[in-house]
Amino acid sequence: MAARRKKPSSREAMEERARIKLLEEALGLVMSQEEAKKAVESLQGAMGNFVNMATAPEDQLAKLPGMSAKAARFLHLTVELAKACMEGEAGRMKRIMDSNSSLDVLRPKFLGLKTEAVGVLLMDGNRRLLYSGILSTGSVSAVPLYIRQLIKMCIDFNAQEAVLAHNHPSGSVMPSREDIIVTEQIEMALMDIDASLDDHIIIAGDDEFSFLKSGIMERMTTEILDKRRQHLDHVRWVAGEYEGKLPQ
């Protein structure tokens with residue numbers, strides 16, 4: 001069953017109107033104000049909200065009534081400039097202290113993406129940012145998470161902590177069973193190189209879900225450590241059973 005979208009609050013509705021007005025003024029730089037108003041009405045009818053309008057593919061925008069190739073190109077470049085500005089501002093952050101600061105760095109990298117992708121932050125032991133970027137891209141239904149690639153990057157950057165993020169273009173921000181399984185696999189793999197997975201953030205439009213904030217990350221880490229202790233205890237027991245019995 002598709003997730004039911006929450007009704008926007010009066011504040012959100014007011015902010016959306018302000019964004020639409022800003023879009024109309026921007027398009028007025030490459031066409032007349034009357035043409036810009038009609039173009040925005042066409043965009044609203046086809047795309048629904050501002051985010052969908054601003055991040056739609058350039059060729060799709062150009063085909064809409066009232067839009068032109070020039071206007072579509074202008075809108076696309078404006079969004080790319082805003083994205084670059086957001087990434088540049090986030091890149092000044094020296095330390096990643098919590099899920100919110102992780103999101104500030106990672107969210108711009110998913111702006112406009114219509115397929116699933118995985119982003120990663122790598123940090124040293126003092127949580128100083130070493131790397132941020134898109135690790136892999138894939139189809140809407142599943143993302144190929146290249147664990148070996150992530151491990152290699154952690155070693156290359158001498159990273160001790162990592163944060164993952166991926167988007168859900170479908171609009172549902174809740175983690176799937178596969179999301180949880182893959183997160184556990186990645187955390188176990190990082191433990192093997194003395195690194196840790198601090199959080200896994202799912203981004204869907206303006207919403208996000210943090211494995212850390214939800215408590216899933218802590219429970220997962222506890223379960224993994226318990227299993228490893230049990231395995232180590234078993235290995236020690238087996239070693240004790242065979243001590244002195246093995247041929248020299």
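Looking at residue 132, is it closer than 21 Å to residue 79 by Cα and not in a loop (DSSP other than H, G, I, E, B)? Steps first, answer last, please.
Values: closer than 21 Å to residue 79 by Cα: yes; not in a loop (DSSP other than H, G, I, E, B): yes.
Here the answer is yes, as residue 132 does meet what is asked.
Looking for whichever is over 20 Å from residue 107 (Cα atoms), small (Gly, Ala, Ser) and either in the same structural domain as residue 112 (by TED's automatic domain parsing) or within 14 Å of the chain's Cα centre (by Cα) (or both) here; the options are 204, 189. Which one fits?
After ruling out the rest, the residue left standing is 189.
Please go through (1) at pLDDT below 85; (2) of a type in the set (Gly, Ala, Ser); (3) within 22 Å of residue 213 (Cβ to Cβ) for residue 91 and return the number of the only condition it doesn't satisfy.
(3) is the only condition that residue 91 fails.
So residue 26 ticks every box in (1) modelled with pLDDT under 85; (2) out of contact with any strand residue (DSSP E or B) (no Cβ under 9 Å at 6 or more places or on another chain); (3) of a type in the set (A, V, I, L, M) but one. Which box is left unticked?
Result: residue 26 passes all but (1).
Just wondering, is there one or more residues in region 112-122 that are in a helix (DSSP H, G or I), within 15 Å of residue 163 (Cα to Cα), assigned by TED's automatic domain parsing to the domain that holds residue 187 and not hydroxyl-bearing (Ser, Thr, Tyr)?
no
Taking only pairs six or more apart or across chains, which ones have beta-carbon atoms under 6 Å, a first residue in region 54-71 that is over 17 Å from residue 30 (Cβ atoms), and a second residue that is part of a loop (DSSP other than H, G, I, E, B)?
55/112
Yes/no per residue for (1) of a type in the set (Asp, Glu); (2) assigned to a loop (DSSP other than H, G, I, E, B); (3) closer than 27 Å to residue 208 by Cα; (4) touching a Cys at 6+ places or on another chain (Cβ under 7 Å):
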residue: 11; (1), (2), (3), (4): no, no, yes, no
residue: 15; (1), (2), (3), (4): yes, no, yes, no
residue: 21; (1), (2), (3), (4): no, no, yes, no
residue: 52; (1), (2), (3), (4): no, no, yes, no
residue: 66; (1), (2), (3), (4): no, yes, no, no
residue: 74; (1), (2), (3), (4): no, no, no, no
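Among the residues of region 176-194, is any under 19 Å from residue 137 (Cα atoms), in contact (Cβ under 8 Å) with a residue 60 or more places away in the chain, crowded, with 16+ Cβ neighbours inside 10 Å and in contact with a strand residue (DSSP E or B) (Cβ under 8 Å, 6 or more places away or on another chain)?
Within region 176-194 (the criterion being under 19 Å from residue 137 (Cα atoms), in contact (Cβ under 8 Å) with a residue 60 or more places away in the chain, crowded, with 16+ Cβ neighbours inside 10 Å and in contact with a strand residue (DSSP E or B) (Cβ under 8 Å, 6 or more places away or on another chain)), the answer is no, since none of the residues qualifies.
The values are calculated or read from the model by the stated rules, or taken from the named source; none is laboratory data. What you see is a predicted model; the values in this text were computed from it and never measured. Reconstructed Cβ throughout: ideal geometry from the backbone, glycine too, with neighbour counts over all protein chains shown.
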